[in-house]
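Some notes on the structure that comes next.
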Amino acid sequence: MTLPHPIVFLVDVDNTLVDNDGIQQDLKDHLERTYGRAARERYWRILEDLMVELGYRDYIGALQRFRVEHPREIELLSMSSFLMDYPFADRLYPDALAVLKRLRGVGPTVILTDGDVVFQPRKVEHAGLARVADGDVLVYIHKEEALDDVERRFPAEHYVLVDDKLRILDAAKKIWGARVTTVFPRQGQYAHDAKVVSALPPADVTIERIGDLLDHDLARLRSAALHPA
């Protein structure tokens, strides 16, 4: 039986380590510039519909559905290159990799994200996150529903979960209680949605940017689960 680690850090990707809003805007701009406004709007509608259906944004799946509607537009194939060859490392938030390295100096640090089985792992790999996390990467369809699997793979006395979505942090708190410290970096569209933020309990720790963890007293994160700041 594997003995639990004293502490394990679980860190989200989109709008936590990587500026995913910026990636989406680049994609929208590329679509409109290359295929026109109507194509951009239609692709994005398909993408949002899949988000409702699947619970995550399936960029490749949306492209497949878009192509079915336009079977003879071979030019659409170039869009797959834009997605797969995107320079994800250029969209890392400042100090994101340094934060991961600092966390790893304290305890195992795992990339914990939602997404599809192609685009999301590629984003993690090409942004340099997998390398810094020493390959400890978990990609689920709904990570808040897979915390038992996270615990099986990385048993710990205490978890620190860093995520830009209060919904995810609240779900983890309901399952792990005082065994998890939730950290909320106020980055990206969800973290600044006043309606969403006001509807959920605050995280144990709120920071303005991921880089703030470079100066944070990591030893106090464990006690923050009992005495939220």
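The values are calculated or read from the model by the stated rules, or taken from the named source; none is laboratory data. Computed from a prediction, not measured in an experiment: that's the story for all the values here. Neighbour counts are summed over all protein chains in view; Cβ atoms, including those assigned to glycine, are modelled from backbone coordinates with ideal geometry.
For the range 140-191, give me the residue count where each residue is in a helix (DSSP H, G or I), among the small types (Gly, Ala, Ser) and within 18 Å of the chain's Cα centre (by Cα). Steps first, answer last, please.
Pass one, the range 140-191, residues in a helix (DSSP H, G or I): 143-145, 147-153, 166-179, 188-191.
With among the small types (Gly, Ala, Ser) added as a condition, the list becomes 171-172, 177-178, 188, 191.
Filter again for within 18 Å of the chain's Cα centre (by Cα), leaving 171-172, 188, 191.
Of the residues in the range 140-191, 4 are in a helix (DSSP H, G or I), among the small types (Gly, Ala, Ser) and within 18 Å of the chain's Cα centre (by Cα).
Of all the criteria given as (1) in contact with a helix residue (DSSP H, G or I) (Cβ under 7 Å, 6 or more places away or on another chain); (2) under 30 Å from residue 107 (Cα atoms), the one not satisfied by residue 90 is (1). Of all the numbered requirements in (1) within 26 Å of residue 3 (Cβ to Cβ); (2) in a helix (DSSP H, G or I); (3) in contact with a Lys or Arg (Cβ under 9 Å, 6 or more places away or on another chain), residue 112 misses one, and that requirement is (2).
Taken together, the residues in the range 54-65 that are more than 16 Å from residue 20 (Cβ to Cβ) and either within 17 Å of the chain's Cα centre (by Cα) or modelled with pLDDT under 90 (or both) amount to 1. Regarding residue 123, is this residue within 19 Å of residue 8 (Cβ to Cβ) and assigned by TED's automatic domain parsing to the domain that holds residue 15? Spelling it out, it is not the case that residue 123 is within 19 Å of residue 8 (Cβ to Cβ) and assigned by TED's automatic domain parsing to the domain that holds residue 15.
Checking every residue in the range 59-75 against the condition of being more than 23 Å from residue 159 (Cα to Cα), charged (D, E, K, R) and in contact (Cβ under 8 Å) with a residue 60 or more places away in the chain gives zero matches. The C-beta contact set for the range 1-19 (first residue closer than 10 Å to residue 93 by Cα, second residue in a loop (DSSP other than H, G, I, E, B) and of a type in the set (A, V, I, L, M), distance under 7 angstrom, 6+ apart or interchain) comprises 18/127.
Within the range 192-228, the set of residues being within 18 Å of residue 9 (Cβ to Cβ), small (Gly, Ala, Ser) and outside any helix (DSSP H, G or I) comprises 203, 225. Looking across 62, 38, one residue alone is in a helix (DSSP H, G or I), out of contact with any strand residue (DSSP E or B) (no Cβ under 6 Å at 6 or more places or on another chain) and surrounded by fewer than 16 Cβ atoms within 10 Å (Cβ to Cβ). It is 38.
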